[in-house]
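Encoded as C-alpha cells, the structure appears first; notes follow it.
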Amino acid sequence: MTPLMPRRSEELDVNEVDDGVIVYDESTDRVHHLNPTAAVILEFCDGRRTAPEIARAVAETFGLDEAPETETAACIAALVAQGLVS
C-alpha cells in the first residue's frame with residue numbers, strides 16, 4: 001500500500017554512485033542499491049507530495065510525455081516494504 005504523503009525514513013545515509021544511489025539504513029543495518037529512477041522517487045518522498053504528484057515530478061525530471069503513476073506507486077510500495085519510506 002502506498003502512503004498518502006510518502007516520506008523518506010530519517011535514518012538513511014544516501015550516497016550517489018554512477019548508476020543510482022547506495023542507501024544505508026542505520027535502523028536495520030541494511031544496504032540498498034537504487035537505480036536512477038528509484039533514487040529520484042526516493043528524493044521526491046518528502047512528505048509534501050502524493051504519489052501522483054511524485055509521478056508528475058518523475059515525468060518532468062525524465063522528460064516523459066505522461067506521468068508513470070502505476071510504476072511510481074509500485075516503486076513507492078517497494079520502498080515502503082524495504083523500510084526506506086513510510
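Judged by the ratio a/c of the largest to the smallest principal axis of the C-alpha gyration tensor, the chain counts as oblate, that ratio being 1.5 or greater while a/b is no larger than b/c. Placing +1 on each Lys and Arg Cβ and -1 on each Asp and Glu Cβ, with no other charges, gives the chain a dipole about its Cα centre of roughly 320 debye.
In terms of Cα atoms, the Rg and Dmax of segment 1-41 work out to 10.9, 31 Å.
Residue 23 sits among other residues whose Cβ lies under 10 Å from its own Cβ, and their net charge, with Lys and Arg +1 and Asp and Glu -1, is 0. Rounded to the nearest 10 degrees, the angle from helix 69-81 to the longest Cα principal axis of the chain is 10 degrees. Could you state the angle between the C-alpha long axis of helix 51-62 and the longest principal axis of the C-alpha atoms of the chain, as a value from 0 to 90 degrees rounded to the nearest 10? Tilt of helix 51-62: around 80 degrees.
Where does the charge balance sit around residue 77 when Lys and Arg score +1, Asp and Glu -1, over other residues with C-beta under 15 Å from its C-beta? Overall, the nearby charge balance is 0.
Rounded to the nearest whole Hz, the Karplus-based 3J(HN,Hα) values (6.51 cos²θ - 1.76 cosθ + 1.60, θ = phi - 60°) of segment 9-24 follow the sequence 4, 7, 8, 9, 10, 10, 10, 6, 10, 4, 10, x, 9, 9, 10, 9, with x at glycine and proline.
Per-residue ellipticity at 222 nm computed for the chain from its helices equals -12000 deg cm²/dmol, with DSSP H segments shorter than 4 residues left out and the rest contributing -39,500 (n - 2.57).
Read the figures in this text as sums done on the coordinates, not as results from a lab. Worth saying up front: this structure is predicted, and the values here are computed from it rather than measured. Don't worry about glycine lacking a Cβ; one is built from the backbone with ideal geometry, like all the others, and counts go over all protein chains shown.
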